[in-house]
Amino acid sequence: MTTDLIPTCDLCDRFKGDTSGDFRVLPPVFREFGGRAAFSGTAVTVKCFEDNTSVKALLEGPGEGRVLVVDGAGSLRRALVGGNIGAAAARNGWAGVIVDGCVRDVAELAACDVGIRALAPMPLPTERRQPGLLDQPVQIQGVTVRPGDWICADADGIVVMGARPA
């Protein structure tokens with residue numbers, strides 16, 4: 001678990017009156033799949049549709065405690081993260097992965113020391129058609145996440161902020 005984790009409920013209590021748009025909460029539609037139930041870190045973003053080429057490339061690189069946020073357009077037809085990619089994320093020091101889409105190899109993901117949130121399991125792999133778009137604002141279930149935002153996830157939900165609160 002991340003040592004600097006702030007409970008999402010505490011953040012919501014602290015920032016409930018925020019009207020700047022800098023404090024956002026993702027809808028409660030994500031399920032836990034990784035071996036780490038709570039995580040936080042700086043967001044890295046990728047937008048892809050049923051092709052995990054860019055997701056794989058990013059998670060096979062240094063994570064440095066960051067959180068990969070994958071805008072898979074909510075597709076329930078193909079899995080964007082599987083056991084091998086989850087293991088790479090854990091091995092390379094990623095704190096977490098949030099997928100607006102599906103994952104596969106659920107038992108393998110549960111054994112990975114990384115936080116993984118996604119909409120659902122789906123055994124079908126992706127097709128390699130077109131790499132995703134990196135480091136741009138993405139829409140995750142209607143909520144904007146920008147590269148460099150701070151993400152905090154625990155059993156109560158997922159919070160997105162412009163920066164880690166002091």
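The values are calculated or read from the model by the stated rules, or taken from the named source; none is laboratory data. Since the model is a prediction, treat every value here as computed from it, not as a measurement. Here the Cβ is made from the backbone with ideal geometry for all residues, glycine too, and neighbour counts use every protein chain on show. Accessible surface is based on the protein model in full, side chains and every heavy atom, while ligands, DNA and RNA are left aside. Shrake-Rupley method; radii C 1.70, N 1.55, O 1.52, S 1.80 Å.
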Q. Looking at segment 61-136, which trypsin sites (Lys or Arg not before Pro) are in a loop (DSSP not H, G, I, E or B) and have at most 11 other Cβ atoms within 10 Å?
A. 128, 129
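Reported to two decimal places, what Rg/Rh ratio describes segment 1-95 when computed on Cα atoms with Rh from the Kirkwood expression?
Details: Rg = 14.6 Å, Rh = 14.9 Å.
Rounded to two decimals, Rg/Rh equals 0.98.
At 1.4 Å probe size, put 47, 56 in order of accessible surface, largest to smallest. Before the final figure, lay out the partial values.
Numbers: 47 95, 56 75 Å².
Putting 47, 56 in descending order of accessible area: 47, 56.
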Q.
Normalised radius of gyration for segment 61-149, please: alpha carbon Rg relative to 2.2 N^0.38 Å, two decimal places.
A. 1.03
Q.
With an 8 Å Cα cut-off and a minimum separation of 6 or more residues, compute the relative contact order for the chain in percent.
A. 32
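Suppose R0 equals 22 Å. What FRET efficiency, 1/(1 + (r/R0)^6) with r the Cβ-Cβ distance, do residue 164 and residue 19 give to the nearest 0.05?
On the way: r = 20 Å, r/R0 = 0.92.
After rounding, the FRET efficiency stands at 0.65.
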Q: Averaging sequence separations of C-alpha pairs under 8 Å and six or more residues apart, then dividing by the length of segment 68-166, give the relative contact order as a whole percent.
A: 25
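Report the relative contact order of segment 1-68, percent, no decimals, based on alpha-carbon pairs under 8 angstrom and at least 6 residues apart.
Numbers: 33 pairs, mean separation 25.6, N = 68.
Reported relative contact order: 38 percent.
Provide the per residue accessible area, probe 1.4 Å, for the chain, rounded to a whole number of square angstrom. Could you put the intermediate results ahead of the total?
Values: 7550 Å² over 166 residues.
Result: 45 Å² per residue.
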Q | Probe 1.4 Å - accessible area at residue 158, Å² to nearest ten | A | 10
